[in-house]
Every structure is written in C-alpha cells, then in structure tokens.
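Peer 1: Quick one: this structure, given as structure tokens, is what I'll be asking you about.
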Amino acid sequence: MHGPIGRLDVAAFDCPDHAALAEFYRSIIGGEIHHSDDDWAELHTAEGKLAFQKIDDHRPPTWPNGDVPQQAHLDIEVDDLDAAEVAVLGIGAVKAETQPLPESFRVFLDPAGHPFCIVLA
C-alpha cells in the first residue's frame with residue numbers, strides 16, 4: 001500500500017472532568033466545544049480536534065518521573081512566552097518544576113495533570 005491508510009480525526013485525553021478540561025483548552029487555543037455524551041467532549045478548531053474523555057479513576061501523569069508516565073503532551077505555539085505564561089496560569093495551569101529550556105519553551109500541567117508546553121514561535 002502506498003500513502004496513508006486514514007486521516008487523524010482527534011487526539012483524546014483521559015481526565016476526571018471532560019467538560020472543564022475542554023473549556024481549559026478552549027481558553028488557550030480557541031475553538032468550539034461539542035459534547036456528545038456524559039463522558040466525552042470535543043474541542044473543534046480550524047487546526048484540528050481535541051477530545052476529552054471522563055475517566056472516574058483517572059491518575060494524572062507524574063512527569064518527569066514517577067509511577068504514571070507522560071504518554072502524550074501538546075505543544076502550543078505562542079509569540080510571547082512571558083505573556084502566555086501569565087495567561088495559562090490565570091486559567092488554572094500549574095507551572096512544572098522541571099523546565100528544560102525555559103527560554104524556548106515552558107512546561108505546565110493542565111487541571112487534570114497532563115503536561116503541555118508553550119513554545120516560542
């Protein structure tokens with residue numbers, strides 16, 4: 001077979017509160033939230049879709065070390081790292097203790113504990 005088998009539809013994240021995490025990321029990247037049932041929400045943007053699935057016994061990653069490894073993360077491109085940092089902290093993100101290259105990118109944890117980065121454009 002030559003070429004792709006299919007197309008990416010959505011990247012999904014497990015979390016304890018699917019609606020709240022969808023709203024958190026909508027505040028960062030924009031878009032429109034679509035709820036399809038009691039444990040699933042999708043955030044549709046011009047660039048693609050993210051989904052959030054409610055998991056009752058969700059355990060957040062313990063990045064960079066620990067019992068629950070990071071399995072995925074988002075990089076969100078910004079024009080001003082300092083301004084973006086203030087903004088994401090203002091909507092509930094937590095700055096990670098480990099910052100490998102803070103002049104190029106900064107690591108945060110979303111309200112469900114998933115690491116994400118803001119990266120300088």
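The values are calculated or read from the model by the stated rules, or taken from the named source; none is laboratory data. Since this is a predicted model, take the numbers as computed values, not measurements. Cβ placement follows ideal geometry from the backbone for every residue including glycine, while neighbour counts extend to all protein chains displayed. Heads up: the accessible areas ignore ligands, DNA and RNA and are worked out on the full protein's heavy atoms, side chains in. Shrake-Rupley method; radii C 1.70, N 1.55, O 1.52, S 1.80 Å.
Peer 1: For region 1-49, compute the orientation-averaged projected area of the C-alpha convex hull (one quarter of its surface), in nm².
Peer 2: Quarter of the Cα hull surface area: 4.4 nm².
Peer 1: Please give me the summed charge of the neighbours of LEU43: other residues whose Cβ is under 12 Å from its Cβ, Lys and Arg +1, Asp and Glu -1. Intermediate values should be presented prior to the final figure.
Peer 2: Values: positive: ARG26, LYS49; negative: GLU23, GLU32, GLU42, GLU47.
Here the charged neighbours net out to -2.
Peer 1: Using +1 at the Cβ of each Lys and Arg and -1 at the Cβ of each Asp and Glu in region 1-81, identify which of PRO4, GLY31, LEU21 lies farthest towards the dipole's positive end.
Peer 2: Positive-most Cα among the choices belongs to PRO4.
Peer 1: For ILE76, which sequence-distant residues (separation of 5 or more, or a different chain) have an amide H within less than 5 Å of its own amide H, given hydrogens modelled in the peptide plane?
Peer 2: CYS117, ILE118, VAL119
Peer 1: Now a separate question. When Lys and Arg each count +1 and Asp and Glu each count -1, what net charge do the other residues less than 13 Å away from PRO16, Cβ to Cβ, add up to?
Peer 2: -4
Peer 1: Long-range amide H contacts for ALA96: which residues qualify at under 5 Å (H placed 1.01 Å from N, peptide plane, sequence gap of 5 or more or a different chain)?
Peer 2: The answer is VAL107, PHE108, LEU109.
Peer 1: (1) -0.62, -1.08; (2) -0.67, -0.98; (3) -0.56, -0.89: which one is log10 I(q)/I(0) by the Debye sum over Cα atoms at q = 0.14, 0.19 Å⁻¹ as calculated from this entry?
Peer 2: Computed from the coordinates, log10 I(q)/I(0) by the Debye sum over Cα atoms at q = 0.14, 0.19 Å⁻¹ corresponds to (1).
Peer 1: Run the numbers on the chain and let me know its relative contact order in percent, using alpha-carbon pairs under 8 Å that are six or more apart.
Peer 2: 23 percent
Peer 1: At 222 nm, what helix-only mean residue ellipticity would the chain give, in deg cm²/dmol to the nearest 500, using -39500 (n - 2.57) for each DSSP H run of four or more? List each step's numbers first, then the result.
Peer 2: Values: 2 runs with 22 residues, N = 121.
The per-residue figure over the chain is -5500 deg cm²/dmol.
Peer 1: For the chain, give the magnitude of the charge dipole about the Cα centre (Cβ charges: +1 Lys/Arg, -1 Asp/Glu; no others), in debye to the nearest 20.
Peer 2: On the way: 7 positive and 22 negative charges, 42 e Å.
The dipole of the chain has a size of about 200 debye.
Peer 1: Can you pull the percent of region 1-111's accessible area that's carbon plus sulfur, 1.4 Å probe, other chains left in place?
Peer 2: 50 percent
Peer 1: Sticking with this one: With loop defined by DSSP as not H, G, I, E or B, and exposure as at most 15 other Cβ atoms within 10 Å, which is the longest segment of the chain clear of exposed GluC sites (Glu not before Pro)?
Peer 2: The longest such stretch corresponds to 48-96.
Peer 1: Only four residue types carry charge here, +1 at the Cβ of Lys and Arg and -1 at the Cβ of Asp and Glu. Report the dipole size of region 10-77 about the Cα centre in Debye, rounded to the nearest 20.
Peer 2: 140 debye
Peer 1: Counting Lys and Arg as +1 and Asp and Glu as -1, what is the net charge of the other residues whose Cβ lies under 15 Å from the Cβ of ASP57? Can you show the working numbers first?
Peer 2: Values: positive: LYS54, ARG59; negative: ASP14, ASP17, ASP39, ASP56, ASP67.
Once positives and negatives cancel, what remains is -3.
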